[in-house]
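Engineer: Below are the structure tokens for one structure; questions will follow.
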Amino acid sequence: MSAKYLLIKEKIKKFKKKIKIDGDKSISIRSLLLASQAVGVSKAKNLLKSEDVFSAINCLRTLGIKIILKNNTCFIEGRGINGFRFRKNITLDAGNSGTVGRLILPLIIKSPYKIKIKGDKSLSRRDFSRVTQPLNNIGINFFPTKKKNLPLYLKGSNFLRPIKYIERLGSAQCKTCIMLACLNTPGEIEIFAKKSRNHTELMYKSLNIPISIKVGKKFDLIKVSSPKKINSFKINIPGDISSSAFFIVLTILTNDSYLILSHINLNSSRLGIIKILNKMGANIKLKNIKNYNGERCGDIHVKSTKNLKSINCPTSLNSSAIDEFLIIFLVAAKANGVSFFKNLSELNQKESPRLKLGSKILNMMGVKTKLTKNSIKIYGNPNLSLKKKYELKNYYKDHRVMALCTIAALTLGGEWKVYNPDSIKTSFPSFLKILKKNLGAKIH
């Protein structure tokens, strides 16, 4: 039976530990999708076993892909590009995952039948027009027309055309959606994309999918063509830096503590949180760096920090820290001075309106903020210590909001009730286990 809420009444005690983090969610989902388009059996080690990843697995199984999970390895039997078994009345359920909901679309653009794509309440509030519009330009029909939210119906076409696409949001999902559409589209698609995480580009290179990238300061020009085939592959998925972020901040805010997080994805497009926190005075070092399947991986060493500084956060770091800003806000709350974060409207397009919720939670903790539609000022207090009772209930069951409040309770004190703790299972199912068994946190 699932717990109704977590009860946290004690701060975590000092620790010196080495831990492993669950597999990277972005790479796990992309590995599954590309393996489904490969010829033969691909193997993915350390695949994240979260609800979002299982949504991807279930969608692919519905489309006729055989997937077996055995011990720490996932076996995916690909049937080649456009090798899905399409049939009438298929429904694909993306659950809570925007990545699955958006990235499954370009793989089914040759379906001769209408396919229904749906998600949970949270996902159904999110804007899908950012991917349906460019896919429509490629030649795909969506029903009802002009509808921006799930559920939607897609009907494929055999008359697809390459496009020139400008991605202005810094969204890796939008960029990847069009890159995946290239697999079934004749000719060359050009994508002029604002900087965002580049896992798909690296995977395309490692799988010999025709791709060229001209790197610019703010935008990259990406050209992709369909390969004749994709060969099956093996991948060892590194730990997720977005999940690591909570333990990095836990260590920074816990006196006399030291933590090593081993074999973490250190992709340069994901290191925003490390750069931001180090600018604020944190002591975070990257060691034992190696290259796996085109991805830079290594160990993160972090020490507790007493004298944190405020930051006027460079917007150039936004896209590389977009999923970590909530936990960065917690550090800003303990910093000396006023921190300013701007151009963050994309935060409100996530599982919840995270910019608004982050401000609300800080205010609940007695931290002053100034909020606009796309920015937040946080008035830090180095002596911040919580004594009251706090409850987190209405937060759209957003996994990152739940984890934020758990870390706040363990580092700042107070008595916390965090409802719907199962929300963390969408991205980081071992979160509480690591806190309790590895680090000794008292969570009831």
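Engineer: Kindly provide the set of residues from region 402-444 that are assigned to a helix (DSSP H, G or I) and of a type in the set (Ser, Thr, Tyr), ordered by number.
Structural biologist: 406, 411, 423, 426, listed by residue number.
Engineer: Would you confirm, using the coordinates I've provided, whether residue 233 is among the aromatic types (Phe, Trp, Tyr), out of contact with any strand residue (DSSP E or B) (no Cβ under 6 Å at 6 or more places or on another chain) and touching a residue at least 40 places away in the same chain (Cβ under 8 Å)? Don't jump to the end; show me each part of the working.
Structural biologist: Values: among the aromatic types (Phe, Trp, Tyr): yes; out of contact with any strand residue (DSSP E or B) (no Cβ under 6 Å at 6 or more places or on another chain): no; touching a residue at least 40 places away in the same chain (Cβ under 8 Å): yes.
Against the criterion (among the aromatic types (Phe, Trp, Tyr), out of contact with any strand residue (DSSP E or B) (no Cβ under 6 Å at 6 or more places or on another chain) and touching a residue at least 40 places away in the same chain (Cβ under 8 Å)), residue 233 does not qualify.
Engineer: Go through region 6-25 residue by residue and tally those that are within 26 Å of the chain's Cα centre (by Cα) and farther than 17 Å from residue 42 by Cβ.
Structural biologist: So the count comes out to 8.
Engineer: Condition first: in a loop (DSSP other than H, G, I, E, B) and either of a type in the set (A, V, I, L, M) or at pLDDT 95 or above (or both). Now tell me which residues in region 127-138 satisfy that.
Structural biologist: 128, the sole residue that qualifies.
Engineer: Looking only at residues that are under 22 Å from residue 169 (Cα atoms) and of a type in the set (D, E, K, R) in region 316-365, which one is nearest to the chain's Cα centre (by Cα)?
Structural biologist: 323
Conditions (1) closer than 18 Å to residue 179 by Cα; (2) without any contact (Cβ under 8 Å) to a residue 60 or more places away in the chain, marked per residue:
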site: 96; (1), (2): no, no
site: 108; (1), (2): yes, yes
site: 114; (1), (2): no, yes
site: 118; (1), (2): no, yes
site: 157; (1), (2): yes, yes
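Engineer: Another question, then. Among 394, 348, 374, which is in contact with a Lys or Arg (Cβ under 9 Å, 6 or more places away or on another chain), in a loop (DSSP other than H, G, I, E, B) and not assigned by TED's automatic domain parsing to the domain that holds residue 54?
Structural biologist: On inspection, the qualifying residue turns out to be 374.
Residues are listed down the side, and each one gets a yes or a no for (1) over 30 Å from residue 394 (Cα atoms); (2) surrounded by 16 or more Cβ atoms within 10 Å (Cβ to Cβ); (3) of a type in the set (Ser, Thr, Tyr):
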position	(1), (2), (3)
138	yes, yes, no
166	yes, no, no
185	yes, yes, yes
191	yes, yes, no
200	yes, yes, yes
212	yes, no, yes
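Engineer: Continuing with the same structure: Picking from 250, 286, 261, 221, which residue would you name as being over 20 Å from residue 314 (Cα atoms), within 20 Å of the chain's Cα centre (by Cα) and not in a helix (DSSP H, G or I)?
Structural biologist: 261
Engineer: Look through region 298-315, keep the residues that are surrounded by 22 or more Cβ atoms within 10 Å (Cβ to Cβ) and part of a strand (DSSP E or B), and return whichever of them is nearest to the chain's Cα centre (by Cα).
Structural biologist: Filtering region 298-315 for residues that are surrounded by 22 or more Cβ atoms within 10 Å (Cβ to Cβ) and part of a strand (DSSP E or B), the one nearest to the chain's Cα centre (by Cα) comes out as 300.
Engineer: List, please: which pairs have Cβ atoms under 7 Å, are six or more places apart or on different chains, and start with a residue in region 128-143 that is assigned by TED's automatic domain parsing to the domain that holds residue 105 and under 17 Å from residue 99 (Cα atoms) and end with one that is polar (S, T, N, Q) and surrounded by fewer than 22 Cβ atoms within 10 Å (Cβ to Cβ)?
Structural biologist: 128/149
Engineer: Let me ask you something else. Within region 9-29, how many residues turn out to be within 19 Å of residue 249 (Cα to Cα) and aliphatic (A, V, I, L, M)?
Structural biologist: Residues meeting the conditions: 3.
Engineer: Find the residue count for region 152-163, including only residues that are surrounded by 14 or more Cβ atoms within 10 Å (Cβ to Cβ) and part of a loop (DSSP other than H, G, I, E, B).
Structural biologist: Result for region 152-163: 5.
Engineer: Quick one: how many residues across region 150-186 are at pLDDT 95 or above and among the small types (Gly, Ala, Ser)?
Structural biologist: Selection size over region 150-186: 1.
The values are calculated or read from the model by the stated rules, or taken from the named source; none is laboratory data. The model shown is predicted, which means the values in this text are computed figures rather than measured ones. Here Cβ is always computed from backbone atoms with ideal geometry, including for glycine, and neighbour counts include all displayed protein chains.
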